[in-house]
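This report refers to the structure that appears directly beneath it.
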Amino acid sequence: MEQEAVLTSDQRYTIFKYGDYVIRFKAPYSLEKYVQVKEWDHGYLVVMAKYRHNEMPEEEYIDLIPILEALYIDANLFLKPIQKVRISYD
């Protein structure tokens, strides 16, 4: 199985893609885009995000475990094979 997931965003949502899954959840209102994944730790992301109100990217934190649990996805099973998360706006 592929070991890389993708993080992206559109106007109102953060989007996490892995395998056949596309998980969308509400993004902060002023988010323009994610620019860098600094750390990936089994469901916890530290990213740099660009917001409209600031010229420089800011450090942001995303915890996927409660989101996965709310979707009735076994977080440990889902996250176990993911070794890396990259940002893509393709």
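FYI, it's all coordinate maths here, none of it is from the lab. What you see is a predicted model, and the numbers here were worked out from it, not measured in a lab. Cβ sites come from the backbone with ideal geometry, for glycine too, and all protein chains shown count toward neighbours.
I'd like the full set of residues that are part of a loop (DSSP other than H, G, I, E, B) and either touching an Asp or Glu at 6+ places or on another chain (Cβ under 6 Å) or touching a residue at least 60 places away in the same chain (Cβ under 8 Å) (or both), limited to the stretch 3-30. I'd like the intermediate steps shown before the answer.
Let us first name the residues in the stretch 3-30 that are part of a loop (DSSP other than H, G, I, E, B), namely 3, 10-12, 19-20, 27-30.
If the condition is that a residue be part of a loop (DSSP other than H, G, I, E, B) and either touching an Asp or Glu at 6+ places or on another chain (Cβ under 6 Å) or touching a residue at least 60 places away in the same chain (Cβ under 8 Å) (or both), then Q3 is the only one that fits.
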Worksheet entry | Count of residues meeting criterion [under 19 Å from I15 (Cβ atoms), touching a helix residue (DSSP H, G or I) at 6+ places or on another chain (Cβ under 9 Å) and either in a helix (DSSP H, G or I) or not aromatic (F, W, Y) (or both)] in the stretch 31-66 | 5
Worksheet entry | Top-ranked residue in the stretch 31-60 [being of a type in the set (F, W, Y) and closer than 19 Å to K17 by Cβ; ranked as surrounded by the most Cβ atoms within 10 Å (Cβ to Cβ)] | Y34
Worksheet entry | Subset of the stretch 1-20 that is closer than 16 Å to A75 by Cα and not charged (D, E, K, R) - its residue that is surrounded by the fewest Cβ atoms within 10 Å (Cβ to Cβ) | Q3
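Looking at this structure, is I73 of a type outside the set (G, A, S) and more than 14 Å from V6 (Cα to Cα)?
Numbers: of a type outside the set (G, A, S): yes; more than 14 Å from V6 (Cα to Cα): yes.
Yes: the conditions hold for I73.
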